[in-house]
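Student: I am attaching a structure below and will ask some questions about it afterwards.
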Amino acid sequence: MNLRADNPDPCTALRSLAAQGADLIAAQEMTGAASTCPTGLEYRTAAGTVGLWSRFPLSLSGPVDVGIGWKRALRAEVATPQGPVTVYAAHLASIRPGHSARRNASLARLARAATASRAERVLVLGDLNTAGTDRRMDAFDGFTDAQQQAGSGLGFTWPAAVPLVRLDHALGRGLRAVEAGVREVPGSDHRAVTASYTL
C-alpha cells in the first residue's frame, strides 16, 4: 500500500487494513510518523520509506538495494503457522514518459533478488511503478500475480479516484492466491492491493 508521503494521517490508512483482518501489510512512502503507528499487528520492520507489519514473527530483515540511491526495498522472513515465507516489499523508481531507464533498472534488481531466493515461498509486494502488462514484469520468472490468479476485474490501483493502471502488485512463488482485489485507503493516491494466499 502506498501511503502517500504527505498523507496527514498514515496511521488511519494502516489501521483500516489491519482492522479488516490483514496478517501482513507492506507500505510504501512511509514517513517517520507511520513507522510507529499502532496497527494491532505485533511485529514490524522497515528500511527507509518501506515498512512491513506482520501478525507473525519477522526475522532476517534488511534492506534490498534496488539502485535508487536510498532505501526503498526490504526483505524479511515471516514465520507463519504453516512455515516460513520470504517477503520482499518495495517501492521502485517512478516512471515518466521518455524516462524509464531508472525504473527499469530498479525493477530488474528487485526481480533478480527475488528470483534468486532459495526460499520455498516468496512474496513480492509493493508499488512497482509498472503496469502488469509491461513486458519487463517477465523478469519475475516463476511468480504469479495475485490479481491474475484469483482476482476479478482489472485491479487498477492508480490514481485512487479513477484508477487507470495497476502499478501496485502482489506476486507469489510457491503459494497460491485464493482471493485478490483492491481497496481504497484514507489519504492515499493509490488503491491498496489485497490478496489472500493458501500455503
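Student: Every residue in the stretch 73-82 that is touching a Phe, Trp or Tyr at 6+ places or on another chain (Cβ under 8 Å), within 18 Å of residue 176 (Cβ to Cβ) and either free of Cβ contacts under 8 Å to residues at least 24 places away in the same chain or of a type outside the set (A, V, I, L, M) (or both), please.
Tutor: 80, 81
Student: Look at the stretch 80-92 and say how many of its residues are surrounded by fewer than 23 Cβ atoms within 10 Å (Cβ to Cβ) and closer than 17 Å to residue 28 by Cβ.
Tutor: 0
Student: Sticking with this structure for a sec: Of all residues in the stretch 111-131 being within 19 Å of residue 30 (Cα to Cα) and not in a strand (DSSP E or B), which is most open to solvent (accessible area, probe 1.4 Å)?
Tutor: Filtering the stretch 111-131 down to residues within 19 Å of residue 30 (Cα to Cα) leaves 124-129.
Pick out the ones that are also not in a strand (DSSP E or B) and you get 128-129.
Details: 128: 1, 129: 17 Å².
It comes out as 129.
Student: Restrict the check to the stretch 164-172 and report whether at least one residue is modelled with pLDDT of 95 or more and more than 24 Å from residue 30 (Cα to Cα).
Tutor: No; the residues of the stretch 164-172 include none that is modelled with pLDDT of 95 or more and more than 24 Å from residue 30 (Cα to Cα).
Student: For the condition closer than 22 Å to residue 4 by Cβ and hydrophobic (A, V, I, L, M, F, W, C), what is the one hit in 170, 108?
Tutor: Unique residue meeting the criteria: 170.
Student: Let me ask another. Part of a loop (DSSP other than H, G, I, E, B) and closer than 18 Å to residue 126 by Cα, is that true of residue 85?
Tutor: Considered against the rule, which asks whether it is part of a loop (DSSP other than H, G, I, E, B) and closer than 18 Å to residue 126 by Cα, residue 85 comes out as no.
Student: Follow-up. How about the stretch 1-30: which of its residues are closer than 19 Å to residue 88 by Cα and β-branched (Val, Ile, Thr)?
Tutor: Of everything in the stretch 1-30, just one residue is closer than 19 Å to residue 88 by Cα and β-branched (Val, Ile, Thr), namely 25.
Each row is one residue, and each column tells you yes or no for (1) in a loop (DSSP other than H, G, I, E, B); (2) open to solvent by less than 40 Å² (accessible area, probe 1.4 Å); (3) hydroxyl-bearing (Ser, Thr, Tyr).
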position: 20; (1), (2), (3): yes, no, no
position: 41; (1), (2), (3): yes, yes, no
position: 44; (1), (2), (3): no, no, no
position: 69; (1), (2), (3): yes, no, no
position: 78; (1), (2), (3): no, yes, no
position: 94; (1), (2), (3): yes, no, yes
position: 133; (1), (2), (3): yes, no, yes
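Student: Just give me the residues in the stretch 57-67 being part of a strand (DSSP E or B) and surrounded by 17 or more Cβ atoms within 10 Å (Cβ to Cβ), in sequence order.
Tutor: 58, 61
Student: Among the numbered criteria (1) open to solvent by less than 10 Å² (accessible area, probe 1.4 Å); (2) in contact with a Pro (Cβ under 7 Å, 6 or more places away or on another chain); (3) without any contact (Cβ under 8 Å) to a residue 60 or more places away in the chain, which one does residue 54 miss?
Tutor: Condition not satisfied by residue 54: (2).
Student: Could you run through the stretch 139-166 and say how many residues are open to solvent by 20 Å² or more (accessible area, probe 1.4 Å) and not in a helix (DSSP H, G or I)? Walk me through it before giving the result.
Tutor: Initially, the stretch 139-166 is screened for residues open to solvent by 20 Å² or more (accessible area, probe 1.4 Å), giving 139, 141-144, 148-154, 156, 158-159, 161-165.
Imposing the further condition that a residue be not in a helix (DSSP H, G or I) reduces the set to 141-144, 151-154, 156, 158-159, 161-165.
Within the stretch 139-166, residues that are open to solvent by 20 Å² or more (accessible area, probe 1.4 Å) and not in a helix (DSSP H, G or I) number 16.
Student: Testing residue 173 on (1) open to solvent by 20 Å² or more (accessible area, probe 1.4 Å); (2) under 15 Å from the mean Cα position of the chain (by Cα); (3) more than 19 Å from residue 64 (Cβ to Cβ), one condition comes back false. Which one is that?
Tutor: Every condition holds for residue 173 apart from (3).
Student: Also, I was wondering about something else. Find all pairs meeting these conditions: Cβ atoms under 8 angstrom apart; at least six residues apart or on different chains; first residue within the stretch 5-32 and more than 23 Å from residue 73 (Cβ to Cβ) and in contact (Cβ under 8 Å) with a residue 12 or more places away in the chain; second residue among the hydroxyl-bearing types (Ser, Thr, Tyr) and part of a helix (DSSP H, G or I).
Tutor: Cβ pairs passing all conditions: none.
Student: Next question, about the same structure. Consider only pairs whose beta carbons are under 6 Å apart and that are at least six residues apart or on different chains; among these, list those whose first residue lies in the stretch 83-107 and is at negative phi and touching a residue at least 40 places away in the same chain (Cβ under 8 Å) and whose second residue is basic (Lys, Arg) and part of a loop (DSSP other than H, G, I, E, B).
Tutor: 85/121; 91/72
The values are calculated or read from the model by the stated rules, or taken from the named source; none is laboratory data. Please read these numbers as outputs of a predicted model, since none were measured by experiment. With ideal geometry, Cβ positions are generated from the backbone for all residues, glycine too; neighbour counts draw on all protein chains shown. When the accessible area is computed, the model is the full protein with side chains, heavy atoms only, and any ligands, DNA or RNA have been set aside. Shrake-Rupley method; radii C 1.70, N 1.55, O 1.52, S 1.80 Å.
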